[in-house]
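Here is the structure we will look at, set down as structure tokens.
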Amino acid sequence: MFEDKTLTCRECGAEFIFTASEQQFYADKGFQNEPGRCPNCRAQRRANGGGFNRGADRPMYDVVCDGCGRPTQVPFQPRGDRPVYCRDCFDQQRQSSY
């Protein structure tokens, strides 16, 4: 029922074979889409955490802690309508609310 197909990797542009057995596996699992990346790019993406950035290049914003007054950095841009805390004060606030 399935035949080998040649696909082009959207990551590196290389052609790769989407084998009949892989197609059967995809069908058995209920996957609707063909793979968009070659096996090498898929393996590299998995090794790098699945493509999620996990904060590596996330911008940090300089603020003054509303709890202790020390300068600190936070991973979001404060809007000014809520207090912003350093790590220690944030942990204290969270513990006291439980």
- Note on the structure: Every listed condition ((1) part of a loop (DSSP other than H, G, I, E, B); (2) under 27 Å from the mean Cα position of the chain (by Cα); (3) modelled with pLDDT under 90; (4) of a type outside the set (Phe, Trp, Tyr)) holds for Met1 save (2)
- Would the range 76-94 turn up any residue that is closer than 30 Å to Phe2 by Cα and either open to solvent by 90 Å² or more (accessible area, probe 1.4 Å) or at pLDDT 90 or above (or both)? no
- Message: Pairs needed: first member in the range 35-56, closer than 19 Å to Asp4 by Cα and open to solvent by less than 50 Å² (accessible area, probe 1.4 Å); second member anywhere, assigned to a loop (DSSP other than H, G, I, E, B) and modelled with pLDDT of 90 or more; C-beta distance under 6 Å; at least 6 residues apart or different chains.
- Response: Gly36/Arg10; Arg37/Cys9; Arg37/Glu11; Cys38/Cys9; Cys38/Ala14
- Restricting attention to the range 1-34, the residues that are without any contact (Cβ under 8 Å) to a residue 12 or more places away in the chain and aromatic (Phe, Trp, Tyr) number exactly 3
- Query: Among the residues of the range 1-19, which ones are open to solvent by 90 Å² or more (accessible area, probe 1.4 Å) and among the aliphatic types (A, V, I, L, M)?
  - Reply: Met1
- The one condition in (1) under 30 Å from Gln92 (Cα atoms); (2) surrounded by 11 or more Cβ atoms within 10 Å (Cβ to Cβ) that Glu22 fails to fulfil: (1)
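The values are calculated or read from the model by the stated rules, or taken from the named source; none is laboratory data. Keep in mind the model is a prediction, meaning the values are calculated, not measured. Neighbour counts run over all protein chains shown; Cβ positions are idealised from the backbone, glycine included. Side chains included, ligands, DNA and RNA excluded: accessible areas come from the protein's heavy atoms. Shrake-Rupley method; radii C 1.70, N 1.55, O 1.52, S 1.80 Å.
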